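**Student:** The structure is given below, and queries will be raised subsequently.
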Amino acid sequence: VQLQASGGGLVQAGDSLRLSCTASGRTFSADFAVGWFRQAPGKEREFVAAVRRGGGTFYNALSAKGRFTISSDNAKNTVYLQMNRLNPDDTGVYYCAAGLRDTLASSSDYDYWGQGTQVTVSS
């Protein structure tokens, strides 16, 4: 499975961005899940949100819920992360990951990783 993440950039506080993650390389079952993680400089990688191909979305309540929305277009094998009301604490490299495990909130739950896309939010 190959994952291609895109959509990052430099924005101001309060702006929005939409990240995309396109998967390829196999036929994806309903259990297939794609998650977004982020890593700020000097910090550990943090779970942001995830979605299963067959349905179901999951969020990190502290960092994402209420501002971020994850969605998928199964026909395009693409998952989106819409990020609104961005603030400087959202700055970091955003990675998409994919896997088939029952749990989705840990890096170890995923077998495939994209290359990351940089999000920088200025104050």
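**Student:** Taking only protein heavy atoms into account and a 1.4 Å probe, give the accessible area per residue of the chain in Å². Don't jump to the answer; show the numbers that get you there.
**Tutor:** Working: 6190 Å² over 123 residues.
For the chain, the solvent-accessible area averages 50 Å² per residue.
**Student:** Could you look at the chain and say what percent of its accessible area is carbon and sulfur, using a 1.4 Å probe and all protein chains? Intermediate values should be presented prior to the final figure.
**Tutor:** Numbers: 2860 of 6190 Å².
Whole-percent figure for carbon plus sulfur exposure: 46.
**Student:** On a full-extension model of 0.36 nm per residue, what is the gain between Asn87 and Ser107, subtracting their alpha-carbon distance, rounded to one decimal in nm?
**Tutor:** Length gained, Asn87 through Ser107: 4.8 nm.
**Student:** Per 10 Å bin, what percent of the C-alpha pairs of the chain does each bin hold, from zero upward?
**Tutor:** Values per bin, smallest distances first: 14, 51, 29, 6, 0.
The values are calculated or read from the model by the stated rules, or taken from the named source; none is laboratory data. This structure is a prediction, so every number in the text was calculated from the model and none was measured. For accessibility, only protein heavy atoms count, side chains too; no ligands or nucleic acids. Shrake-Rupley method; radii C 1.70, N 1.55, O 1.52, S 1.80 Å.
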